[in-house]
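**Student:** Please see the structure below; I have some questions.
The values are calculated or read from the model by the stated rules, or taken from the named source; none is laboratory data. Computed from a predicted model, the values in this text were never measured in an experiment. Virtual Cβ from ideal backbone geometry, glycine too; neighbours counted across all protein chains shown.
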Amino acid sequence: MKAAIVKQFKEPLVIEESARPTPAADEVLLQIAACGVCHSDLHLAEGDWPQMMKIVKTPLILGHEVVGQIIEKGAAVTQLEIGERVGVAWIHYACGACELCLEGNENLCPKQQITGATVDGGFAELMKAKASHVIKVPAALTSEEAAPLFCAGVTVYRAIKKARIHSGQRVAIFGIGGLGHLAVQIAQSSGAQVIAIDVNDEKLAFAQALGATHCINATTEKTVQRMASLGGAHLCIVTSAAKAAYDAAFYSLRPGGAIAVVGLPAEPLTFPAIAMVGREAHIYASAVGTRQDVRDVLEMAAQGKLQCQIETRPLEQVNEIFAEMRAGKISGRMVLKL
């Protein structure tokens with residue numbers, strides 16, 4: 001099979017023929033139709049996350065937004081059939097028996113395997129996956145439409161879900177890119193007043209078309225002052241990887257407001273304790289999502305409540321996509337069409 005492989009961190013991916021995977025008794029083999037390209041894939045290829053790099057395998061096939069058709073299954077697989085279309089997310093496997101899994105937090109399972117990190121992912125023509133953890137894709141969605149929802153979509157969905165937003169509350173979204181434009185739609189569908197913040201007027205116009213009530217260009221307006229005039233945010237979702245976005249988000253909160261940590265700056269986040277206490281600010285993180293979260297996001301999209309802006313490219317252009325990511329030239333989500 002053809003695959004794009006990380007042979008060495010910080011080097012271009014090598015596109016070459018690789019051995020056909022053989023599914024174990026509890027696995028299925030997928031003929032991949034589409035795989036989204038996430039910024040996390042670039043971080044992994046660059047070796048940017050020292051703690052995580054301790055568990056990342058090499059050589060490695062990246063890709064954790066995978067949609068494909070089952071073409072082979074192991075002897076123990078009874079719940080799936082050959083020909084079914086399914087997807088694979090970041091969580092390749094969780095044990096289902098530990099304390100966290102039993103609490104409904106399988107995304108935090110200490111025994112989890114990670115697609116495209118600890119096991120090979122979807123930047124390839126074929127991929128094996130745990131039958132227990134693949135998720136059926138609704139017929140209303142194309143494979144290309146569905147693929148980014150397995151990471152970008154579920155990540156912002158869970159971040160908003162955890163905040164328990166009520167109708168009429170103000171949700172500020174910092175960064176209207178691949179994750180941010182999905183967050184606008186998910187927050188808007190909950191009845192929130194959505195405030196979009198970015199440095200690009202075209203992205204802000206797009207956010208407004210998706211339902212944002214207010215738009216703020218952080219390069220031409222004073223974000224914190226404008227947010228104060230709107231009453232402050234009940235929730236700030238920061239999808240940007242810029243630390244400055246977190247600094248602005250913190251001072252954009254109303255008393256009792258919360259920041260959802262989604263974007264991953266290279267440097268540590270710092271918030272003054274006295275200001276946190278003074279406004280009872282809440283800061284929480286959200287790690288992708290569970291299988292049920294993925295199903296919920298797919299159903300939203302199937303009902304027409306969520307649409308991902310996508311551009312498709314062939315596998316051979318994956319290194320060019322990474323170059324565009326580094327340069328900040330990508331709007332929406334890139335999807336490899338296999």
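Residues are listed down the side, and each one gets a yes or a no for (1) under 13 Å from Gly36 (Cα atoms); (2) in contact with a strand residue (DSSP E or B) (Cβ under 8 Å, 6 or more places away or on another chain):
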{"site": "Tyr93", "(1), (2)": "no, yes"}
{"site": "Glu103", "(1), (2)": "no, no"}
{"site": "Glu106", "(1), (2)": "no, yes"}
{"site": "Glu125", "(1), (2)": "no, yes"}
{"site": "Ala129", "(1), (2)": "no, yes"}
{"site": "Ile135", "(1), (2)": "no, yes"}
{"site": "Ala140", "(1), (2)": "no, no"}
{"site": "Glu144", "(1), (2)": "yes, yes"}
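**Student:** Just checking, how many residues over the range 56-77 are closer than 21 Å to Val14 by Cα, in contact (Cβ under 8 Å) with a residue 60 or more places away in the chain and not basic (Lys, Arg)?
**Tutor:** From the range 56-77, those closer than 21 Å to Val14 by Cα are 56-66; that's our starting set.
Cutting the leftovers down to in contact (Cβ under 8 Å) with a residue 60 or more places away in the chain gives us 56-57, 60-66.
If we keep only those that are not basic (Lys, Arg) as well, we get 56, 60-66.
Of the residues in the range 56-77, 8 are closer than 21 Å to Val14 by Cα, in contact (Cβ under 8 Å) with a residue 60 or more places away in the chain and not basic (Lys, Arg).
**Student:** Continuing with this model, one more query. Suppose we filter the range 223-247 for residues that are touching a strand residue (DSSP E or B) at 6+ places or on another chain (Cβ under 7 Å) and surrounded by fewer than 24 Cβ atoms within 10 Å (Cβ to Cβ); how many remain?
**Tutor:** Going residue by residue through the range 223-247, those that are touching a strand residue (DSSP E or B) at 6+ places or on another chain (Cβ under 7 Å) are 223, 226-227, 230-240, 245-246.
Still in the list and also surrounded by fewer than 24 Cβ atoms within 10 Å (Cβ to Cβ): 223, 226, 230-232, 234, 245-246.
Total meeting the criteria: 8.
Here's the yes/no breakdown for (1) among the aliphatic types (A, V, I, L, M); (2) over 24 Å from Ala327 (Cβ atoms); (3) free of Cβ contacts under 8 Å to residues at least 12 places away in the same chain; (4) part of a helix (DSSP H, G or I):
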| position | (1), (2), (3), (4) |
| --- | --- |
| Ala212 | yes, yes, no, no |
| Glu221 | no, yes, yes, no |
| Val224 | yes, yes, no, yes |
| Ala241 | yes, no, no, no |
| Ala248 | yes, no, no, yes |
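**Student:** Would you check which residues across the range 310-332 are at pLDDT 95 or above and touching a helix residue (DSSP H, G or I) at 6+ places or on another chain (Cβ under 7 Å) and list them?
**Tutor:** Matches in the range 310-332: Ile310, Thr312, Arg313, Phe322.
**Student:** Further question: With the condition kept exactly as written, say whether any residue in the range 60-69 is over 19 Å from the mean Cα position of the chain (by Cα) and modelled with pLDDT of 95 or more.
**Tutor:** Narrowing the range 60-69 to residues over 19 Å from the mean Cα position of the chain (by Cα): 60, 69.
If we keep only those that are modelled with pLDDT of 95 or more as well, we get 60, 69.
Yes - at least one qualifying residue is present in the range 60-69.
**Student:** Do we have any residue at all in the range 18-27 that's under 23 Å from the mean Cα position of the chain (by Cα) and surrounded by fewer than 22 Cβ atoms within 10 Å (Cβ to Cβ)?
**Tutor:** No, that holds for no residue.
**Student:** Moving on. Kindly check whether there is at least one residue in the range 80-98 that is surrounded by 15 or more Cβ atoms within 10 Å (Cβ to Cβ), more than 18 Å from Lys136 (Cα to Cα) and in contact with a His (Cβ under 9 Å, 6 or more places away or on another chain).
**Tutor:** No; the residues of the range 80-98 include none that is surrounded by 15 or more Cβ atoms within 10 Å (Cβ to Cβ), more than 18 Å from Lys136 (Cα to Cα) and in contact with a His (Cβ under 9 Å, 6 or more places away or on another chain).
**Student:** Take the residues in the range 99-147 that are under 17 Å from the mean Cα position of the chain (by Cα) and among the hydroxyl-bearing types (Ser, Thr, Tyr); name whichever of them is surrounded by the most Cβ atoms within 10 Å (Cβ to Cβ).
**Tutor:** Here the answer is Thr115.
**Student:** Here's a check for you: in the range 267-282, which residue that is touching a strand residue (DSSP E or B) at 6+ places or on another chain (Cβ under 6 Å) and surrounded by fewer than 17 Cβ atoms within 10 Å (Cβ to Cβ) is modelled with the lowest pLDDT?
**Tutor:** Arg279
**Student:** What strands (runs of 3 or more DSSP E) lie completely within the range 7-109 and have 1 or more residues being in contact with a Cys (Cβ under 7 Å, 6 or more places away or on another chain) and in the same structural domain as Val134 (by TED's automatic domain parsing)?
**Tutor:** In the range 7-109, 27-37, 66-73 are the strands (runs of 3 or more DSSP E) which contain 1 or more residues that are in contact with a Cys (Cβ under 7 Å, 6 or more places away or on another chain) and in the same structural domain as Val134 (by TED's automatic domain parsing).
**Student:** Among the candidates Ile160, Ile176, which residue alone is in contact with a Lys or Arg (Cβ under 6 Å, 6 or more places away or on another chain), of a type in the set (Val, Ile, Thr) and either surrounded by fewer than 17 Cβ atoms within 10 Å (Cβ to Cβ) or within 30 Å of Gly257 (Cα to Cα) (or both)?
**Tutor:** It is Ile176.
**Student:** Then there is this: In the set Ile310, Ile259, Ile283, Ile237, which member is touching a Cys at 6+ places or on another chain (Cβ under 9 Å), closer than 30 Å to His64 by Cα and in contact (Cβ under 8 Å) with a residue 24 or more places away in the chain? Quick ask: steps written out before the conclusion?
**Tutor:** Numbers: Ile310 fails: touching a Cys at 6+ places or on another chain (Cβ under 9 Å); Ile283 fails: touching a Cys at 6+ places or on another chain (Cβ under 9 Å); Ile237 fails: touching a Cys at 6+ places or on another chain (Cβ under 9 Å).
Going through Ile310, Ile259, Ile283, Ile237 in turn, the sole match is Ile259.
**Student:** So, in the range 250-272, how many residues would count as being over 22 Å from the mean Cα position of the chain (by Cα), hydrophobic (A, V, I, L, M, F, W, C) and outside any loop (DSSP other than H, G, I, E, B)?
**Tutor:** In the first step, residues of the range 250-272 are kept if they are over 22 Å from the mean Cα position of the chain (by Cα); the result is 250-257, 270-272.
Cutting the leftovers down to hydrophobic (A, V, I, L, M, F, W, C) gives us 250, 253, 271.
This time we only want the ones that are outside any loop (DSSP other than H, G, I, E, B), so: 250, 253.
Of the residues in the range 250-272, 2 are over 22 Å from the mean Cα position of the chain (by Cα), hydrophobic (A, V, I, L, M, F, W, C) and outside any loop (DSSP other than H, G, I, E, B).
One line per residue, one yes/no per condition, for (1) assigned by TED's automatic domain parsing to the domain that holds Pro23; (2) modelled with pLDDT of 95 or more; (3) farther than 19 Å from Ala89 by Cβ:
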residue	(1), (2), (3)
His133	yes, yes, no
Ala146	yes, yes, no
Ala159	no, yes, no
Val184	no, yes, yes
